[in-house]
Amino acid sequence: MHPSLEAFALAAGLLALGAALVRRFGFPPLPVYLLTGLLMGHRLPVEELEPLPSLGLLLLLFSVGLEFGPDRLKELSGRATRAGLYDALALPLGFLLGLLAGLDPRGAALLAGIIYISSSAVIVKLIIDLRRAANPESEVVLGVLVLEDLVIALLLALLGGHGPGGVLAGVLLALAYLAFARLLGPHLVRLMESFSDELVLLLGAAFTTGTALLFHALGASEGVGAFLSGMVAASLGLRERLERLFGPVRDLGVALFFLVVGAEATGLLRGLTPVGAGLALLGLLLKLPLNHLGGARAGLGRKRRLYAALYLLPRGEFNLVLGSLALAQGYPLVAQVAVLMVLLSVPLGALLIRFAPEIGKALFPPEKKARAAAKAG
Amino acid sequence: MKVEEVALPGVGRKFTITMASGDRLVIVVHSSGKRELQYFEAGEDDEPRAALDLTDEEAREVGAILAGVLFHPEAVGDTQSKLGQKVIEWIKVLPGSRLAGKRVGEIPLPPGAHLLAVDRPGAPLVPNPGPEVVLELGDTLVVAGTREAVEALKRSL
C-alpha cells in the first residue's frame, strides 16, 4: 500500500470529525477545515496529500471562472454594479496602505488585491449552507463578487508574470483561449453534448490542469489559467454539467486544500510583526464601511446593507494565490497578511454571517411591528 | 402580476413574483435542483412570513398542481373541466430507469395513455416518436391520457 493513503485517511477522518461536530450547531464546515489544519497540522504529513490540495485549489478557481465569468456581466443589475464600484475603492486605499507600510508599488499592488478580493467560493458556500440565497442582499453580494473576480484576474495576469515577458505571454495566451472559445465554441458545444459524463469529467480535468501548467511554463500565473479554463468551459455551455460533475471532486480537494493552508500557516506566520497583524486587521475593517455604503447605494434597507457588508468579509482562494505570488516575488510581509486575513476572516465571517439576523435585530429592533402592536392593543 | 428574474452566480436563478395583491413570492432555483421559496406579505419587505425548501421532484409536482395539469377545478370553465379527466405528464428517464436503452415500441403503454413526444436535452423535440426511437438517459417523455392510465404507466416504470 502506498504510504500517502495513510495520510489521506487520517486527514479525511479529521475533516469529517470536524464537519460532523459543527453540523450539530448549524455551522458551515469550511472554517473547521482551516482550524483543523492549524491545530493538527504539525502532526499531519501534509506533503503526502499532494496533488489533492493543489488540485482542489485549481478546481476551485476553475469553478469561480465557471460561475463568475464575464458573461455574468450582462446579467448584472445596476444595483450590484453601484455596490461594486464602492467596493473597488478598497483597491486604491489598499495600495496607499501598502505604500505607507513601506512597500514598493508592486508589493503595494499585491497587498491592495489581497485586501480587495473577497472569496466567492467561501461566500457562495455560506449563502447556500445558511439558506440566504433568496435574500435581497445575496443578489447584491454575488454581483459584487462577479466584478471582484474579474478585476483580480486582470490584476493577477498583470502581476503574476515573471518580468514583462511573462505578463505578455499570459495576456496573449488568455486572448488566444478566448478567441478559441469564440471561434470553435459552437461546434464544440454540439460535440460535447454527445460525450458521456465520464469523458467530459476527464477532459475537463485535463483541460484545467493542462492550462494551469501551460500558464506556469510561460511564466504567467497558473491561477489565472485555471480561472480562464472555467470561463472557456462556461462559454461552451458546460456550466451546469461541469458544476455537477466537478462538484464532489472539488469539494474533497478544497477541504484538503484548506487543511493544508491551516497546517502551513503556522510556519509562515512565525516571525509575524505587529505591522503585518495591523495590516491584516485594517484590511478586514477597510471594506466594511465601503460595502455598507455600497449596499445603501444598491437600495438595500439598513439591516440588509449591514448583512451585505458582513457577507463580503471572508477571504479565500484568490487571496492565497496572491499571497503565494507575493512570497515568490520576495514580499513575505504581504504573504503573511494574506494568510492571516484568510485565517481570521473565514471563521469570523462564518460566525458573523450565521448570526447576522440576530445582530440586525439587536441593532435595529423592529419598531414598526411594535408600534402596530401598540396600536392594536 | 410582475416577474423579475436575476442570476445568482454560483447559486442559481432567483425569481421574484409580485402578485396583484402586493404579496411577493421569491423562488430560488439552485443549480443543484433544490428550490427555495420565501413568501412576503404586501408591505412587509424585511422578513419573510414563510419559507419552504423543495427538492427538484417536489417542485415539479407542486408546479404541475399549480398549473392545473393534475387537477382542474370546476370553476376554471367548461372546456377545461372536461379536460380535467385527462392529464399530461412529463416522465424523465433517470439513471437506473428501465426505460434507458429501450425502444419506444417496447414501452408498456396501458390503453388510454399516449406518448406525445420525447424531449432530449440539447436536441430538437421529437414529436409523435415512432416505435424505433431509442430512449436515452435524461430524455423526458411527454405522456397524455386518462389519469388512471397515466398513473398506471408511471407505476409500471
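With viscosity set to 1.002 mPa s at 20 °C, what whole-number translational diffusion coefficient in µm²/s follows for chain B from Stokes-Einstein and a Kirkwood radius over Cα pairs?
On the way: Rh = 18.1 Å.
Reported coefficient: 119 µm²/s.
Give me the percent relative contact order of chain B, please, defined on Cα pairs under 8 angstrom at least 6 residues apart.
Values: 281 pairs, mean separation 23.9, N = 157.
It rounds to 15 percent for chain B.
Just to be sure I understand: with springs between alpha-carbon atoms less than 10 Å apart, which residue in A:Leu201, A:Leu191, A:Leu288 has the highest mean-square fluctuation in the Gaussian network model of chain A?
Looking only at A:Leu201, A:Leu191, A:Leu288, the largest GNM fluctuation is found for A:Leu191.
Using a ≥ b ≥ c from the Cα gyration tensor of region A:15-162 (square roots of the eigenvalues), is it rounded, prolate or oblate, where a/c under 1.5 gives rounded and otherwise the larger of a/b and b/c decides, a/b for prolate?
The shape class here is oblate.
Peptide B:27-35: average number of partner chain Cβ atoms within 10 Å per residue?
On the way: counts 1, 8, 1, 2, 7, 5, 2, 3, 1.
What the average comes to for B:27-35 is 3.
How much FRET efficiency would the formula 1/(1 + (r/R0)^6) give for B:Asp23 and A:Leu85, where r is the Cβ-Cβ distance and R0 is 35 Å, rounded to 0.05?
Details: r = 34 Å, r/R0 = 0.96.
About 0.55, to the nearest 0.05.
I want to make sure I understand the PRE zone here: with the label point 7 angstrom from the Cα of B:Ala123 toward its beta carbon, which residues in region A:187-221 have backbone N atoms less than 16 Å away?
Counting backbone N atoms under 16 Å from the label point, the list is A:190-197.
Find how much the distance from B:Leu116 to B:Thr146 grows on full extension, using 0.36 nm per residue of separation minus their present alpha carbon separation; answer in nm with one decimal. Mind showing how you got there, number by number?
Numbers: separation 30, 0.36 × 30 = 10.80 nm, distance 1.34 nm.
Answer, rounded to one decimal: 9.5 nm.
5 Å is the cut-off here: which amide hydrogens, built 1.01 Å from N in the peptide plane, fall below it relative to B:Lys92, excluding neighbours closer than 5 in sequence?
Amide H neighbours of B:Lys92, under 5 Å, 5+ apart: B:Leu141.
Could you please report the charge total around A:Val46, scoring K, R as +1 and D, E as -1 over all other residues with beta-carbon less than 15 angstrom from its beta-carbon?
Charge balance near A:Val46 sits at -4.
Please compute the average number of Cβ atoms from other chains found within 10 Å of each residue's Cβ in peptide A:125-134. Let's see the in-between values first.
Working: counts 2, 0, 3, 10, 0, 0, 6, 3, 13, 16.
Averaged over the peptide's residues, the number is 5.
Placing +1 on the Cβ of each Lys and Arg and -1 on the Cβ of each Asp and Glu in region A:225-377, which of A:Leu252, A:Leu286, A:Met341 has its Cα farthest towards the positive end of the resulting dipole?
About the Cα centre, the residue reaching furthest to the positive side is A:Leu286.
Summing -39500 (n - 2.57) over the DSSP H runs of n ≥ 4 in chain A and dividing by its residue number, what mean residue ellipticity at 222 nm do you reach, to the nearest 500 deg cm²/dmol?
On the way: 18 runs with 300 residues, N = 377.
That comes out to -26500 deg cm²/dmol.
What does the net charge come to around A:Ala298 if you take all other residues with beta carbon closer than 10 Å to its beta carbon, with K and R at +1 and D and E at -1? Let's see the in-between values first.
Values: positive: A:Arg79, A:Arg82, A:Arg297, A:Arg304, A:Arg305; negative: A:Glu137, A:Glu139.
Taking every Cβ under 10 Å from that of A:Ala298, the sum is +3.
Report the label-to-label distance for B:Lys154 and A:Leu5 in nanometres (one decimal), using points 7 Å from each Cα along the Cα→Cβ vector.
4.6
Using Cβ counts within 10 Å as a stand-in for footprinting exposure, how do A:Val339, A:Val140 rank, fewest first?
Working: A:Val339 27, A:Val140 30.
Ascending Cβ contact count within 10 Å gives the list A:Val339, A:Val140.
Quote the charge dipole size of the protein assembly as shown about the Cα centre in Debye, to the nearest 20; the model charges only the Cβ of Lys and Arg (+1) and of Asp and Glu (-1). The partial results should precede the final answer.
Values: 49 positive and 49 negative charges, 246 e Å.
Computed charge dipole of the protein assembly as shown: roughly 1180 debye.
Could you run the Karplus curve 6.51 cos²θ - 1.76 cosθ + 1.60 with θ = phi - 60° over region A:235-243 and give me ³J(HN,Hα) per residue in whole Hz, x for Gly and Pro?
Result, ordered by residue: 6, 8, x, 9, 3, 5, 5, 6, 4 Hz.
By counting other Cβ atoms within 10 Å of each Cβ, how are B:Ile17, B:Ile27, A:Ile117 ranked from fewest to most?
Numbers: B:Ile17 14, B:Ile27 21, A:Ile117 28.
Ordered by Cβ neighbours within 10 Å, fewest first: B:Ile17, B:Ile27, A:Ile117.
So what's the gap between the Cα centers of region A:313-349 and region A:210-232, to the nearest angstrom?
20
Answer with one residue from B:Gly22, B:Val118, A:Phe180: the one whose Cα lies farthest towards the positive end of the charge dipole of the protein assembly as shown, charges on Cβ with Lys, Arg +1 and Asp, Glu -1.
B:Gly22
What number do you get for the protein assembly as shown when its Cα radius of gyration is normalised by 2.2 N^0.38 Å, N = residues? Don't jump to the answer; show the numbers that get you there.
Details: Rg = 26.0 Å, N = 534, 2.2 N^0.38 = 23.9 Å.
Normalised Rg, Cα atoms only: 1.09.
Provide the convex hull volume over Cα atoms per residue for region A:84-213, in Å³. Mind dumping the intermediate values first?
Working: hull volume 20.7 nm³, N = 130.
Here the figure is 160 Å³ per residue.
What translational diffusion coefficient, to the nearest whole µm²/s, does region A:221-269 have by Stokes-Einstein, given a Kirkwood radius computed over alpha-carbon pairs, a temperature of 37 °C and 0.692 mPa s viscosity? List each step's numbers first, then the result.
On the way: Rh = 12.6 Å.
This corresponds to a translational diffusion coefficient of 260 µm²/s.
For region B:41-71 and region A:126-183, what is the centre-to-centre distance using only Cα atoms, to the nearest Å?
Using only Cα atoms to place each centre, the spacing works out to 35 Å.
When the chain is fully extended, how far beyond the present Cα-Cα distance does A:Lys74 get from A:Leu351, taking 0.36 nm per residue of separation? Mind showing how you got there, number by number?
Numbers: separation 277, 0.36 × 277 = 99.72 nm, distance 3.28 nm.
Full-extension gain reported as 96.4 nm.
HN-Hα J couplings of region B:25-41 from phi, Karplus 6.51/-1.76/1.60, θ = phi - 60°, integer Hz, Gly and Pro as x?
10, 10, 10, 10, 9, 6, 4, 6, x, 5, 10, 10, 10, 10, 10, 10, 6
Taking amide H positions as placed 1.01 Å from N in the peptide plane, with prolines and chain starts having none, which residues 5 or more places from B:Gly12, or on another chain, fall under 5 Å of its amide H?
Here B:Ser31 satisfy the definition.
With the cut-off at 19 Å, tell me which of the pairs A:Lys74/A:Lys287; A:Lys303/A:Lys361; A:Lys125/B:Lys14; A:Lys74/B:Lys14; B:Lys102/B:Lys154 have Cα atoms farther apart than that. Don't skip to the answer; put the middle values down first.
Details: A:Lys74/A:Lys287 25 Å; A:Lys303/A:Lys361 8 Å; A:Lys125/B:Lys14 17 Å; A:Lys74/B:Lys14 16 Å; B:Lys102/B:Lys154 16 Å.
Those over the limit are A:Lys74/A:Lys287.
Quick check: residue separation of A:Leu214 and A:Asp197 times 0.36 nm, minus the Cα distance between them. What number comes out in nm?
Length gained, A:Leu214 through A:Asp197: 3.6 nm.
Arrange the following residues from fewest to most other Cβ atoms within 10 Å of their Cβ: A:Arg244, A:Arg250. Write down the numbers at each step before the final one.
Numbers: A:Arg244 14, A:Arg250 22.
By the 10 Å Cβ count, ascending, the order reads A:Arg244, A:Arg250.
Please find, in a Gaussian network model of chain A (springs between Cα atoms separated by less than 10 Å), the residue of A:Phe227, A:Phe27, A:Phe364 whose mean-square fluctuation is greatest.
Judging by the Gaussian network model, the answer is A:Phe364.
Roughly speaking, what is the centre-to-centre gap between region A:1-49 and region A:249-295 when only Cα atoms are used, to the nearest Å?
19
Read phi for every residue in region A:350-364 and hand back ³J(HN,Hα) as whole Hz from Karplus 6.51 cos²θ - 1.76 cosθ + 1.60, θ = phi - 60°, with x for Gly and Pro.
4, 5, 5, 5, 4, 9, 3, x, 5, 4, x, 5, 5, 6, 10
Net charge near A:Leu150, counting Lys/Arg +1 and Asp/Glu -1 over other residues with Cβ under 14 Å of its Cβ?
-4
Report the label-to-label distance for A:Ala206 and B:Glu58 in nanometres (one decimal), using points 7 Å from each Cα along the Cα→Cβ vector.
Reported label-point gap for A:Ala206 and B:Glu58 is 4.2 nm.
Given an 8 Å cut-off on Cα distances and at least 6 residues of separation, report the relative contact order of chain A as a percent.
Values: 549 pairs, mean separation 107.9, N = 377.
Result for chain A is 29 percent.
What fraction, in whole percent, of alpha-carbon pairs in region A:69-109 exceed 17 Å separation? Mind dumping the intermediate values first?
On the way: 402 of 820 pairs.
Percent of Cα pairs beyond 17 Å in region A:69-109: 49.
Excluding residues fewer than 8 places away in the same chain, name every one of the aspartates and glutamates whose C-alpha is closer than 19 Å to that of B:Lys86.
B:Glu61, B:Glu74, B:Asp78, B:Glu148, B:Glu151
Every number here is computed from the coordinates shown, using simple stated rules; none is lab data. Note that the structure is predicted; figures quoted are calculated from it, not measured. Every residue, glycine among them, receives a Cβ derived from its backbone with ideal geometry; neighbour counts consider all protein chains shown.
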